[in-house]
1. Quick one: which residue in 129, 171 is outside the structural domain of residue 261 (by TED's automatic domain parsing) and not β-branched (Val, Ile, Thr)?
2. Sort through 191, 177, 207, 156 and tell me the only one that's at pLDDT below 95, on the phi > 0 side of the Ramachandran plot and outside the structural domain of residue 96 (by TED's automatic domain parsing).
3. Determine if region 170-180 includes at least one residue that is buried (at least 20 other Cβ atoms within 10 Å of the Cβ) and in contact (Cβ under 8 Å) with a residue 12 or more places away in the chain.
4. In region 111-125, what count of residues is obtained for those that are in contact with a strand residue (DSSP E or B) (Cβ under 6 Å, 6 or more places away or on another chain), farther than 26 Å from residue 179 by Cβ and in a loop (DSSP other than H, G, I, E, B)?
5. Output the residues belonging to region 126-154 that are assigned to a loop (DSSP other than H, G, I, E, B), farther than 30 Å from residue 17 by Cα and free of Cβ contacts under 8 Å to residues at least 40 places away in the same chain.
6. Any residue that is at pLDDT 95 or above and on the phi > 0 side of the Ramachandran plot - is there at least one of those in region 3-22?
Amino acid sequence: MTDEDDRYYHVDGEIVPASEATVSVDDRGFRYGDAAFETMRAYGGTVLAWDRHVERLESTCDALSLAHGLTGADLRERIDETLAANDLADAYVRLSITRGVQPGKLTPRPEVDPTVVVYAKPLPRGGLEGDSVWDEPATARTVETRRVPDEAIPTGAKTHNYLNGILARAELRDADGSVEADEALVCDLEGAVAEGATSNLFFVRDGILHTPTTEGDVLPGITRKIVLELAAEEGIPTREGEYDLADVLEADEAFLTNRTWELRPIATLDDREIGGGPVTERLSRLYDERVERSCYFSS
């Protein structure tokens, strides 16, 4: 199913056509970005690393003091129902939980009647027989927008307030509105490289896999964590640290990770050619094998 108008959403416990999938204009997720979300991929009908997504979702809700009262099993059932309603096995899945509608203004009330929405759209099959969702390695540019520090908004929280990423991506447009790159590379307030607007960063120098540390202002991406696990299993040396832009520009290889892209090589950064390489290719193959083993092997 590819026609967006023909899709079904899961809204507050009910499967509804896209034309009827609505939330109140007074919903705090709309008004203030007062909501948590997770982006996932379903492979063969199985949500990869579901337990990790639930854990991070709960961490975000705890940071927001959003006691939604829903169990992981309940949320997973809604996802499965959404996939079934759209006849999807391989899909992008987004789950959102807002604080719902509350009287008053900014100050949230502890009693919550949450708004819960599940959205799914088709993506190619993953794993060893899969096709990438991206056509080419990514072009990336550094931007002036800085990563919001953890002291302001918890770095690990995935909330509906995505202005930081939006402002970063907006910098990629030139004067006539054309987009000059696929991803914006964002630094922290001290100028250390943090992450992409919607991705984590890895680069390879002298055979060592480097990635900005999550002890800084970096989202602890689930795909990022899996890549680090795969590297450890294969004996690929890794280092998590703080890096200047020059460190990345001098890399032998570089790639971005997120749930949708999986591992995407960086063709150029600020017009400097980098590209993938043997470590990137090896980790991509290992990731495909993990997906195949976790999601397709039993089907």
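The values are calculated or read from the model by the stated rules, or taken from the named source; none is laboratory data. Every value quoted in this text rests on a predicted model; they were computed, and no experiment measured them. Positions of Cβ are generated from backbone atoms using ideal geometry, with glycine treated the same way; all protein chains shown enter the neighbour counts.
1. The conditions single out 129.
2. 177
3. The answer is no; no qualifying residue exists.
4. The total comes to 1.
5. Once the filter is applied, which keeps residues that are assigned to a loop (DSSP other than H, G, I, E, B), farther than 30 Å from residue 17 by Cα and free of Cβ contacts under 8 Å to residues at least 40 places away in the same chain, region 126-154 yields 135, 151, 152, 153.
6. yes
For every residue, the table says whether it meets (1) more than 15 Å from residue 225 (Cβ to Cβ); (2) in the same structural domain as residue 221 (by TED's automatic domain parsing); (3) surrounded by 16 or more Cβ atoms within 10 Å (Cβ to Cβ).
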residue	(1), (2), (3)
17	yes, no, no
30	yes, no, yes
37	yes, no, yes
44	yes, no, yes
51	no, no, no
56	no, no, yes
60	yes, no, yes
